[in-house]
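Visitor: Dropping the structure in here first, questions after.
The values are calculated or read from the model by the stated rules, or taken from the named source; none is laboratory data. Note that this is a predicted model, so its numbers are computed, not measured. Counting neighbours? That spans all protein chains shown, and the Cβs are built from the backbone with ideal geometry, glycine included. Protein only, heavy atoms only, side chains kept; ligands, DNA and RNA dropped before computing areas. Shrake-Rupley method; radii C 1.70, N 1.55, O 1.52, S 1.80 Å.
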Amino acid sequence: MIKEIAEQLKTRFSEMDIEVPLEEIESKLDALINEYRVPVDEAKRSVVNQYLRKSDIPELVKIRDIQSEGQWVSLKAKVVQLWTSESESIAQAGLIGDETGTIKFTKWAKSDLPLVEEGKCYMFKNVVTDEWQGRFQVNFNKNTEIQEIEENIEVGSSVEEITGAIMNIQSGSGLIKRCESCNRALVKGSCGEHGKVEGKYDLRVKAVIDDGKIVQDILLNKDTIETLTGITLDSAKEMVAEALDPSVVLDALADKLVGRYFKVQGPKIGRYMLVEEIQKMPVASDHEIKELIAQVEAL
Ligand SMILES: [Zn+2]
(Lines give C-alpha, C1' and ligand atoms only; values in the text may rest on other atoms or scores of the structure.)
Protein backbone atom coordinates (compact mmCIF):
# COMPACT_ATOMS: atom_id res chain seq x y z
CA MET A 1 0.00 0.00 0.00
CA ILE A 2 2.83 2.39 0.88
CA LYS A 3 4.46 1.72 -2.48
CA GLU A 4 1.24 2.65 -4.26
CA ILE A 5 0.88 5.91 -2.34
CA ALA A 6 4.54 6.70 -2.96
CA GLU A 7 4.01 6.19 -6.69
CA GLN A 8 0.97 8.46 -6.64
CA LEU A 9 2.95 11.16 -4.87
CA LYS A 10 5.88 10.77 -7.23
CA THR A 11 3.56 11.33 -10.19
CA ARG A 12 2.08 14.37 -8.49
CA PHE A 13 5.55 15.77 -7.78
CA SER A 14 6.67 15.18 -11.38
CA GLU A 15 3.67 17.15 -12.58
CA MET A 16 4.93 20.03 -10.48
CA ASP A 17 8.49 19.64 -11.80
CA ILE A 18 9.76 18.27 -8.52
CA GLU A 19 11.96 15.19 -8.87
CA VAL A 20 12.14 12.99 -5.78
CA PRO A 21 13.41 9.39 -5.72
CA LEU A 22 10.61 6.90 -5.15
CA GLU A 23 12.56 5.17 -2.33
CA GLU A 24 12.86 8.43 -0.45
CA ILE A 25 9.10 9.01 -0.54
CA GLU A 26 8.51 5.40 0.45
CA SER A 27 10.79 5.51 3.47
CA LYS A 28 9.27 8.76 4.70
CA LEU A 29 5.76 7.34 4.37
CA ASP A 30 6.85 4.11 6.02
CA ALA A 31 8.27 5.98 9.01
CA LEU A 32 5.18 8.13 9.43
CA ILE A 33 2.60 5.38 8.95
CA ASN A 34 4.24 2.32 10.48
CA GLU A 35 6.57 3.84 13.03
CA TYR A 36 4.68 6.93 14.21
CA ARG A 37 1.18 5.60 13.47
CA VAL A 38 0.16 8.74 11.62
CA PRO A 39 -3.11 8.32 9.67
CA VAL A 40 -2.50 7.68 5.97
CA ASP A 41 -4.02 10.95 4.71
CA GLU A 42 -2.04 12.98 7.18
CA ALA A 43 1.16 11.18 6.27
CA LYS A 44 0.56 11.91 2.60
CA ARG A 45 -0.04 15.58 3.34
CA SER A 46 3.01 15.80 5.52
CA VAL A 47 5.29 14.33 2.82
CA VAL A 48 3.80 16.60 0.17
CA ASN A 49 4.34 19.66 2.38
CA GLN A 50 7.97 18.75 3.04
CA TYR A 51 8.82 18.77 -0.64
CA LEU A 52 6.71 21.73 -1.55
CA ARG A 53 8.56 23.83 0.98
CA LYS A 54 11.95 22.46 -0.04
CA SER A 55 11.48 22.81 -3.76
CA ASP A 56 10.02 26.30 -3.48
CA ILE A 57 7.57 25.48 -6.26
CA PRO A 58 4.27 25.18 -4.42
CA GLU A 59 1.20 24.59 -6.45
CA LEU A 60 -0.29 27.74 -7.96
CA VAL A 61 -4.01 27.54 -7.32
CA LYS A 62 -7.11 29.65 -7.84
CA ILE A 63 -9.01 30.90 -4.83
CA ARG A 64 -12.15 28.97 -5.80
CA ASP A 65 -10.15 25.72 -5.60
CA ILE A 66 -9.21 26.17 -1.95
CA GLN A 67 -11.48 23.59 -0.39
CA SER A 68 -9.43 22.07 2.40
CA GLU A 69 -7.30 23.21 5.30
CA GLY A 70 -3.62 22.56 5.91
CA GLN A 71 -2.51 22.80 2.27
CA TRP A 72 0.55 24.72 1.12
CA VAL A 73 -0.33 26.67 -1.99
CA SER A 74 0.67 29.74 -3.98
CA LEU A 75 -1.72 32.41 -5.19
CA LYS A 76 -1.60 35.28 -7.61
CA ALA A 77 -4.01 37.79 -6.19
CA LYS A 78 -4.94 41.40 -5.62
CA VAL A 79 -5.34 42.91 -2.15
CA VAL A 80 -9.00 43.89 -2.17
CA GLN A 81 -9.38 45.13 1.37
CA LEU A 82 -7.25 45.62 4.46
CA TRP A 83 -8.87 45.40 7.88
CA THR A 84 -7.68 46.94 11.09
CA SER A 85 -6.64 44.21 13.45
CA GLU A 86 -6.83 44.38 17.22
CA SER A 87 -4.42 41.54 17.74
CA GLU A 88 -0.71 42.16 18.19
CA SER A 89 0.13 38.76 16.71
CA ILE A 90 -1.40 39.80 13.38
CA ALA A 91 0.59 42.14 11.13
CA GLN A 92 -2.10 42.53 8.45
CA ALA A 93 -5.42 40.96 7.61
CA GLY A 94 -8.02 41.46 4.93
CA LEU A 95 -9.28 40.08 1.66
CA ILE A 96 -7.34 39.06 -1.42
CA GLY A 97 -8.99 38.15 -4.70
CA ASP A 98 -8.38 36.61 -8.12
CA GLU A 99 -10.64 35.95 -11.12
CA THR A 100 -12.45 33.20 -9.20
CA GLY A 101 -13.34 34.95 -5.96
CA THR A 102 -12.02 36.41 -2.73
CA ILE A 103 -10.58 34.89 0.44
CA LYS A 104 -9.59 36.18 3.84
CA PHE A 105 -5.89 36.34 4.64
CA THR A 106 -3.97 36.71 7.88
CA LYS A 107 -0.33 37.75 7.93
CA TRP A 108 1.28 36.86 11.22
CA ALA A 109 3.48 39.49 12.87
CA LYS A 110 6.18 36.84 13.41
CA SER A 111 6.39 36.23 9.65
CA ASP A 112 8.33 39.47 9.16
CA LEU A 113 6.91 39.93 5.66
CA PRO A 114 6.65 43.21 3.72
CA LEU A 115 3.46 45.25 4.03
CA VAL A 116 0.94 44.73 1.24
CA GLU A 117 -1.16 47.57 -0.15
CA GLU A 118 -4.79 47.71 -1.16
CA GLY A 119 -5.29 47.56 -4.93
CA LYS A 120 -1.87 46.05 -5.65
CA CYS A 121 -1.28 42.57 -7.07
CA TYR A 122 1.15 40.03 -5.67
CA MET A 123 2.46 36.53 -6.04
CA PHE A 124 1.95 34.90 -2.65
CA LYS A 125 4.20 31.84 -2.50
CA ASN A 126 3.86 29.21 0.20
CA VAL A 127 0.73 30.20 2.05
CA VAL A 128 -1.21 27.76 4.21
CA THR A 129 -4.92 27.19 3.86
CA ASP A 130 -7.01 27.20 6.99
CA GLU A 131 -10.64 26.99 8.00
CA TRP A 132 -12.44 29.20 10.49
CA GLN A 133 -16.15 28.95 11.26
CA GLY A 134 -16.88 27.06 8.08
CA ARG A 135 -15.00 29.39 5.77
CA PHE A 136 -11.62 28.91 4.16
CA GLN A 137 -8.84 31.42 4.59
CA VAL A 138 -5.09 31.62 3.98
CA ASN A 139 -2.33 32.38 6.44
CA PHE A 140 1.02 33.98 5.61
CA ASN A 141 3.88 32.78 7.81
CA LYS A 142 7.66 32.79 7.83
CA ASN A 143 7.82 30.32 4.92
CA THR A 144 5.75 32.67 2.78
CA GLU A 145 7.20 34.88 0.07
CA ILE A 146 5.42 37.95 -1.25
CA GLN A 147 6.39 39.58 -4.55
CA GLU A 148 4.56 42.45 -6.15
CA ILE A 149 3.65 41.69 -9.77
CA GLU A 150 3.02 44.00 -12.71
CA GLU A 151 -0.07 42.36 -14.15
CA ASN A 152 -3.46 43.58 -13.00
CA ILE A 153 -5.82 40.92 -11.73
CA GLU A 154 -9.53 41.44 -12.29
CA VAL A 155 -11.13 40.24 -9.11
CA GLY A 156 -14.11 38.07 -9.84
CA SER A 157 -16.70 37.27 -7.32
CA SER A 158 -18.51 34.08 -6.75
CA VAL A 159 -22.12 35.12 -7.15
CA GLU A 160 -24.45 33.44 -4.70
CA GLU A 161 -28.18 33.21 -4.47
CA ILE A 162 -30.54 32.99 -1.50
CA THR A 163 -34.30 32.85 -1.32
CA GLY A 164 -35.73 33.77 2.03
CA ALA A 165 -37.46 36.29 4.22
CA ILE A 166 -35.92 39.63 5.14
CA MET A 167 -35.93 39.47 8.93
CA ASN A 168 -34.95 43.00 9.87
CA ILE A 169 -33.42 46.20 8.61
CA GLN A 170 -30.45 47.52 10.53
CA SER A 171 -29.66 51.05 11.62
CA GLY A 172 -27.60 52.91 9.05
CA SER A 173 -30.29 52.09 6.49
CA GLY A 174 -32.56 54.52 4.68
CA LEU A 175 -31.55 58.02 3.68
CA ILE A 176 -27.86 58.40 4.52
CA LYS A 177 -25.10 60.86 3.72
CA ARG A 178 -21.75 59.92 2.20
CA CYS A 179 -18.42 61.73 2.12
CA GLU A 180 -17.86 63.36 -1.31
CA SER A 181 -14.14 62.51 -1.19
CA CYS A 182 -14.13 58.87 -0.16
CA ASN A 183 -17.75 57.70 -0.33
CA ARG A 184 -17.78 56.47 3.27
CA ALA A 185 -21.14 56.72 5.03
CA LEU A 186 -21.06 59.63 7.48
CA VAL A 187 -21.73 59.04 11.16
CA LYS A 188 -23.35 62.12 12.76
CA GLY A 189 -22.15 64.27 9.85
CA SER A 190 -18.57 63.06 10.18
CA CYS A 191 -16.38 60.97 7.89
CA GLY A 192 -13.97 58.54 9.57
CA GLU A 193 -11.22 59.79 7.27
CA HIS A 194 -12.09 63.43 6.50
CA GLY A 195 -13.91 64.65 9.61
CA LYS A 196 -16.92 67.00 9.44
CA VAL A 197 -18.06 67.27 5.81
CA GLU A 198 -21.17 68.45 3.95
CA GLY A 199 -21.77 65.04 2.35
CA LYS A 200 -24.14 63.87 -0.36
CA TYR A 201 -27.37 61.93 0.06
CA ASP A 202 -27.72 58.25 -0.79
CA LEU A 203 -30.10 55.38 -0.14
CA ARG A 204 -28.93 52.16 1.43
CA VAL A 205 -30.42 49.13 3.14
CA LYS A 206 -28.48 46.83 5.42
CA ALA A 207 -30.66 43.84 6.19
CA VAL A 208 -30.68 40.21 7.19
CA ILE A 209 -32.24 37.50 5.04
CA ASP A 210 -33.07 34.05 6.38
CA ASP A 211 -33.72 31.03 4.17
CA GLY A 212 -34.48 28.71 7.08
CA LYS A 213 -30.95 27.31 7.14
CA ILE A 214 -28.63 30.28 7.03
CA VAL A 215 -28.85 33.93 7.93
CA GLN A 216 -27.07 36.29 5.54
CA ASP A 217 -26.29 40.01 5.83
CA ILE A 218 -27.23 41.83 2.64
CA LEU A 219 -26.65 45.33 1.30
CA LEU A 220 -29.03 47.01 -1.15
CA ASN A 221 -27.89 50.08 -3.08
CA LYS A 222 -29.93 53.08 -4.27
CA ASP A 223 -30.85 51.70 -7.69
CA THR A 224 -32.07 48.39 -6.29
CA ILE A 225 -34.09 50.13 -3.56
CA GLU A 226 -35.69 52.56 -6.04
CA THR A 227 -36.73 49.82 -8.47
CA LEU A 228 -37.92 47.44 -5.79
CA THR A 229 -39.81 49.75 -3.43
CA GLY A 230 -40.69 52.80 -5.52
CA ILE A 231 -39.05 54.93 -2.81
CA THR A 232 -36.58 57.13 -4.70
CA LEU A 233 -33.79 59.32 -3.41
CA ASP A 234 -35.91 62.40 -4.16
CA SER A 235 -39.07 61.08 -2.53
CA ALA A 236 -37.02 60.00 0.50
CA LYS A 237 -35.65 63.55 0.87
CA GLU A 238 -39.21 64.92 0.66
CA MET A 239 -40.42 62.47 3.30
CA VAL A 240 -37.68 63.56 5.68
CA ALA A 241 -38.30 67.26 5.01
CA GLU A 242 -41.99 66.79 5.73
CA ALA A 243 -41.67 64.66 8.85
CA LEU A 244 -38.52 66.41 10.11
CA ASP A 245 -37.31 62.95 11.07
CA PRO A 246 -34.85 60.84 9.03
CA SER A 247 -36.20 57.59 10.47
CA VAL A 248 -39.41 57.84 8.38
CA VAL A 249 -37.50 56.49 5.38
CA LEU A 250 -36.21 53.51 7.33
CA ASP A 251 -39.75 52.81 8.58
CA ALA A 252 -41.21 53.06 5.06
CA LEU A 253 -38.55 50.68 3.71
CA ALA A 254 -39.09 48.24 6.58
CA ASP A 255 -42.78 48.27 5.77
CA LYS A 256 -42.08 47.14 2.21
CA LEU A 257 -39.31 44.64 2.98
CA VAL A 258 -39.48 43.06 6.43
CA GLY A 259 -41.28 39.75 6.66
CA ARG A 260 -41.49 39.41 2.88
CA TYR A 261 -39.85 36.84 0.63
CA PHE A 262 -37.19 37.66 -1.91
CA LYS A 263 -34.70 35.93 -4.13
CA VAL A 264 -31.40 37.83 -3.91
CA GLN A 265 -28.27 37.38 -5.98
CA GLY A 266 -24.84 38.95 -5.75
CA PRO A 267 -21.21 38.59 -4.76
CA LYS A 268 -20.26 38.09 -1.14
CA ILE A 269 -17.63 40.48 0.15
CA GLY A 270 -16.72 39.76 3.73
CA ARG A 271 -19.92 39.28 5.72
CA TYR A 272 -22.16 41.11 3.24
CA MET A 273 -23.79 39.98 0.04
CA LEU A 274 -23.86 42.98 -2.30
CA VAL A 275 -27.24 42.48 -3.89
CA GLU A 276 -27.18 42.93 -7.65
CA GLU A 277 -30.52 41.34 -8.34
CA ILE A 278 -33.56 41.05 -6.14
CA GLN A 279 -36.89 39.52 -6.98
CA LYS A 280 -40.05 39.49 -4.92
CA MET A 281 -41.25 35.94 -4.33
CA PRO A 282 -44.95 35.33 -4.30
CA VAL A 283 -46.34 34.12 -1.03
CA ALA A 284 -49.83 32.68 -1.19
CA SER A 285 -52.49 34.98 0.21
CA ASP A 286 -55.07 33.76 2.73
CA HIS A 287 -57.65 33.78 -0.04
CA GLU A 288 -55.48 31.62 -2.31
CA ILE A 289 -54.81 29.17 0.51
CA LYS A 290 -58.58 28.82 1.21
CA GLU A 291 -59.19 28.15 -2.47
CA LEU A 292 -56.47 25.52 -2.57
CA ILE A 293 -57.93 23.76 0.48
CA ALA A 294 -61.39 23.85 -1.13
CA GLN A 295 -59.99 22.32 -4.29
CA VAL A 296 -58.22 19.55 -2.38
CA GLU A 297 -61.36 18.76 -0.35
CA ALA A 298 -63.41 18.57 -3.53
CA LEU A 299 -61.20 15.78 -4.92
ZN1 LIG B 1 -14.22 60.91 3.57
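Visitor: In the chain, what is the volume of the convex hull around the alpha carbon atoms, normalised per residue and reported in Å³?
Guide: Spread over its residues, the Cα hull of the chain gives 211 Å³ apiece.
Visitor: Something else now. Modelling each spin label as a point 7 Å along the Cα-to-Cβ direction, I'd like the Val208/Met281 distance in nm, to one decimal.
Guide: Label-label distance for Val208 and Met281, simple model: 1.8 nm.
Visitor: Summing -39500 (n - 2.57) over the DSSP H runs of n ≥ 4 in the chain and dividing by its residue number, what mean residue ellipticity at 222 nm do you reach, to the nearest 500 deg cm²/dmol?
Guide: About -8500 deg cm²/dmol.
Visitor: Still on this model: Any idea what the relative contact order of segment 63-148 is, in percent, if you count C-alpha pairs under 8 Å spaced at least 6 apart? Kindly include the intermediate steps, with their values, before the conclusion.
Guide: Working: 206 pairs, mean separation 29.2, N = 86.
Relative contact order for segment 63-148 comes out at 34 percent.
Visitor: How big is segment 159-280 in terms of Cα radius of gyration and Dmax, in angstroms?
Guide: 14.6, 42
Visitor: Another question, if that's okay. When averaged across all projection directions, what area in nm² does the alpha-carbon convex hull of segment 2-55 cover?
Guide: For the Cα atoms of segment 2-55, the hull's average projected area reads 3.2 nm².
Visitor: If the cut-off is a Cα-Cα distance under 16 Å, which lysines reach Lys237, setting aside same-chain residues fewer than 8 apart in sequence?
Guide: Straight-line reach from Lys237, under 16 Å: Lys177, Lys200, Lys222.
Visitor: Name the GluC sites (Glu not before Pro) in segment 136-205 that are in a loop by DSSP and that have at most 14 other C-beta atoms within 10 Å, would you?
Guide: Sparse-neighbourhood loop GluC sites (Glu not before Pro): Glu150, Glu151, Glu154, Glu180, Glu193, Glu198.
Visitor: Given all pairs of different Cα atoms, what value in angstroms does the Kirkwood hydrodynamic radius of segment 167-224 take?
Guide: One over the average 1/r among Cα pairs gives 12.4 Å for segment 167-224.
Visitor: Further, regarding this structure: Mean-square fluctuation check for the chain, GNM, Cα pairs under 10 Å: which of Leu60, Leu82, Leu244 is largest?
Guide: Judging by the Gaussian network model, the answer is Leu244.
Visitor: In nanometres, what is the gap between the two model label sites at Ile293 and Val248, each 7 Å from Cα along Cα-to-Cβ?
Guide: 4.0 nm
Visitor: Calculate the translational D of segment 63-148 in whole µm² s⁻¹ from Stokes-Einstein, where the hydrodynamic radius comes from the Kirkwood formula applied to all Cα pairs, the temperature is 20 °C and the viscosity 1.002 mPa s. All intermediate terms of the calculation are to be shown ahead of the outcome.
Guide: On the way: Rh = 12.7 Å.
D = 169 µm²/s.
Visitor: Which net charge results for the neighbourhood of Val61, defined as the other residues with beta-carbon distances under 13 angstrom from its beta-carbon, given Lys and Arg at +1 and Asp and Glu at -1?
Guide: On the way: positive: Lys62, Arg64, Lys76, Lys125; negative: Glu59, Asp65, Asp98, Glu99.
Combined, the nearby Lys, Arg, Asp and Glu give 0.
Visitor: I've got another one for you. Arrange the residues Asp217, Asp251, Asp98 by how much accessible surface each exposes, largest first, with a 1.4 angstrom probe.
Guide: Descending order: Asp251, Asp217, Asp98.
Visitor: Given labels modelled 7 Å from the Cα in the Cβ direction, how far is it in nm from Leu60 to Glu35?
Guide: My value for the distance between the label points is 3.7 nm.
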